[in-house]
Amino acid sequence: MLEVVALEYRYAEAPVLQGVDLTVAAGEVVSLVGPNGSGKSTLLKCINRILKPTGGRVLLEGRPITDYPRRELARAAAYVPQQSGPAMSLPVIDMIGLGRAPHRGYASSRRDNDIVMEVIERLGLQPLAFRLFGELSGGERQRVLIARAFAQEGRVMLLDEPTNALDLRHQLETMTTVRSIASERGIAALIAIHDLALAGRFSDRLIMLADGRVRAHGIWNEVLVPAHLEAVYGVSAVVGTDQNLPYVIPTSRKRVLP
């Protein structure tokens with residue numbers, strides 16, 4: 001469904017992405033993990049054509065994304081940014097309805113409205129539906145942006161820190177919903193996320209980035225190992241499972257010799 005080949009991106013003279021390769025199949029959830037500045041958000045923006053790569057290519061269903069007209073790309077790929085941007089004075093129900101914009105004509109169809117209502121119910125947003133987006137907390141805004149992406153019905157979902165600012169309950173609900181929607185609809189989901197335990201629990205595979213390069217990839221217990229965590233994050237950590245759920249506990253910073 002999604003293929004990234006030898007992707008490069010430079011900001012001024014500084015390399016941000018260096019030869020990144022990855023694939024995400026239909027129905028698969030893949031998480032990008034790595035420290036701040038490792039290139040996770042930049043990679044998602046290059047895939048969604050917010051940024052223009054300086055090398056390599058991105059293919060969606062075997063077709064270069066540069067061949068997609070903007071509206072067609074918006075129908076194919078839904079994107080949730082890390083920051084919500086300026087607050088908009090729209091009711092939540094209309095913010096979610098913006099996810100239907102790539103599909104609809106001059107007016108919303110009955111199907112558009114049904115999809116919006118289905119998403120609102122699925123994410124438990126009924127109490128917020130008629131509140132103004134600009135009046136919401138950061139966590140509530142994040143939930144609305146995720147709902148807008150679900151309403152978009154893209155074949156690919158690109159989620160940049162979707163659990164950012166969410167409490168524990170809504171972190172769990174969000175990741176459970178991403179997992180189930182990907183499986184039900186055959187959507188390829190690529191998630192940039194800092195929470196390693198959530199990434200390990202809900203992802204089919206992890207890709208660990210550091211300094212714009214892929215440092216490790218595979219299922220969670222092949223990637224989240226102490227040696228990788230020390231090399232990439234600079235910490236010692238205990239990794240294990242409890243009731244078959246993964247956990248990662250940092251124990252100390254890596255000592256830097258003089």
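Can you name the residue in the stretch 127-167 that is among the aromatic types (Phe, Trp, Tyr) and crowded, with 18+ Cβ neighbours inside 10 Å and is also farthest from Thr177 (Cα to Cα) among such residues?
Here the answer is Phe133.
Residue check: is Arg201 of a type outside the set (A, V, I, L, M, F, W, C) and surrounded by 16 or more Cβ atoms within 10 Å (Cβ to Cβ)? So that I can check it myself, show each step before the final result.
Details: of a type outside the set (A, V, I, L, M, F, W, C): yes; surrounded by 16 or more Cβ atoms within 10 Å (Cβ to Cβ): yes.
Spelling it out, Arg201 is indeed of a type outside the set (A, V, I, L, M, F, W, C) and surrounded by 16 or more Cβ atoms within 10 Å (Cβ to Cβ).
Answer with yes or no whether Ser108 is surrounded by fewer than 15 Cβ atoms within 10 Å (Cβ to Cβ), part of a loop (DSSP other than H, G, I, E, B) and over 17 Å from the mean Cα position of the chain (by Cα).
Considered against the rule, which asks whether it is surrounded by fewer than 15 Cβ atoms within 10 Å (Cβ to Cβ), part of a loop (DSSP other than H, G, I, E, B) and over 17 Å from the mean Cα position of the chain (by Cα), Ser108 comes out as no.
For residues that are touching a residue at least 60 places away in the same chain (Cβ under 8 Å) and of a type in the set (Gly, Ala, Ser), scanning just the stretch 1-36, find the one that is nearest to Leu206 (Cα to Cα).
Ser31
Can you give me the number of residues within the stretch 31-68 that are over 15 Å from the mean Cα position of the chain (by Cα), part of a helix (DSSP H, G or I) and either crowded, with 21+ Cβ neighbours inside 10 Å or among the aliphatic types (A, V, I, L, M) (or both)?
Counting residues in the stretch 31-68 that are over 15 Å from the mean Cα position of the chain (by Cα), part of a helix (DSSP H, G or I) and either crowded, with 21+ Cβ neighbours inside 10 Å or among the aliphatic types (A, V, I, L, M) (or both) gives 1.
Of the residues that sit in the stretch 210-253 and are without any contact (Cβ under 8 Å) to a residue 24 or more places away in the chain and charged (D, E, K, R), which one is nearest to Gly37 (Cα to Cα)?
Result: Arg253.
Please go through the stretch 232-251 and pick out each residue that is over 24 Å from the mean Cα position of the chain (by Cα) and aliphatic (A, V, I, L, M).
Listed by number, the residues that qualify are Val235, Ala237, Val238.
Values quoted throughout were computed directly from the atomic coordinates according to the rules given, and no laboratory measurement underlies them. Computed from a predicted structure; not experimentally measured. Cβ coordinates were reconstructed from backbone atoms using ideal geometry, including for glycine residues, and neighbour counts include every protein chain displayed.
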